[in-house]
Amino acid sequence: MQLLARCPKCDAGLPVDAADAPAAIKCGGCGRDIPLTVSDALRADTGVDRCPVCEGTDFYIRKDFDPKVGLTVVIIGALISATFYWFGRDLIAYGILASAALIDLVVYGRLKDVTVCYRCHSEFRGSYPRTAPAFDLHTADVLELEYERRIGRR
Ligand SMILES: [Zn+2]
Ligand SMILES: [Zn+2]
C-alpha cells in the first residue's frame, strides 16, 4: 500500500511505502519530524484501520481524480473546437466540445477509489478492499476541528 502522509504543519504530501515505512519521516517542506504508527493491516495492504499520522480511525472514500488532467482535456477540446468555430464549422465545434466532456466522464468513471483520513487528509492507495463510507461534510467539520485543536493550529 502506498501512503501519502500529510504534514500536520505545512500540509505537504509525503509518499511512503507502507510495507517498509520507517518509524518517522522528515517533512520535505518544513523539516518537521512526523512519527508514523503503521498498523499491520496497512503494512499487509489488507485494509485501512488506523491513520499512521494522526492515529484517527475515521476515513472516507473518494475518486482518485487529478483535477489537472480533466481540465487539460477540456481546455484542449475547447481550443480545437474554437478553431472549427472560427472557420464556420459550428457543428464540428460542438461535437468536439461534447466529446471532450465525454472523455472526462469516461476517465472519471474508470478511476480507482482512494481512502482519505478525515482528520489529517493522509491518503491510502493499494489493492485492499474499500470499506470506508463516502465523504460526509458534517463529520469532516467535527473531526478536522478536533485534529487542528490537538496539533495547535486553532
Ligand atoms: Zn511540513
Ligand atoms: Zn490521519
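The values are calculated or read from the model by the stated rules, or taken from the named source; none is laboratory data. Source: prediction; values computed, not measured. No Cβ is skipped: glycine too gets one built from the backbone with ideal geometry, and neighbour counts run over all protein chains shown. These area figures cover heavy atoms from the full protein model, side chains too; ligands, DNA and RNA do not enter into them. Shrake-Rupley method; radii C 1.70, N 1.55, O 1.52, S 1.80 Å.
Looking across 140, 93, 100, one residue alone is surrounded by 13 or more Cβ atoms within 10 Å (Cβ to Cβ), in a helix (DSSP H, G or I) and modelled with pLDDT of 95 or more. It is 140.
Identify, from the list 106, 74, 16, the residue that is farther than 25 Å from residue 139 by Cα, open to solvent by 70 Å² or more (accessible area, probe 1.4 Å) and hydrophobic (A, V, I, L, M, F, W, C).
106
Looking at this structure, is residue 130 within 16 Å of ligand 1 (Cβ to nearest atom) and surrounded by fewer than 16 Cβ atoms within 10 Å (Cβ to Cβ)? The answer is no for residue 130. In the set 45, 20, only one residue is at pLDDT below 95 and either touching a helix residue (DSSP H, G or I) at 6+ places or on another chain (Cβ under 8 Å) or more than 11 Å from ligand 2 (Cβ to nearest atom) (or both); that residue is 20. In the stretch 43-68, of all residues being assigned to a loop (DSSP other than H, G, I, E, B) and open to solvent by less than 30 Å² (accessible area, probe 1.4 Å), the one that is farthest from ligand 1 (Cβ to nearest atom) corresponds to 47. Scanning the stretch 143-151 for any residue that is open to solvent by 50 Å² or more (accessible area, probe 1.4 Å), more than 14 Å from residue 55 (Cα to Cα), in contact with a strand residue (DSSP E or B) (Cβ under 7 Å, 6 or more places away or on another chain) and more than 16 Å from ligand 1 (Cβ to nearest atom) turns up nothing.
Among residues of the stretch 25-37 being free of Cβ contacts under 8 Å to residues at least 24 places away in the same chain and within 15 Å of ligand 2 (Cβ to nearest atom), the one that is surrounded by the fewest Cβ atoms within 10 Å (Cβ to Cβ) is 35. The set of residues in the stretch 5-37 that are in a helix (DSSP H, G or I) and hydroxyl-bearing (Ser, Thr, Tyr) is empty.
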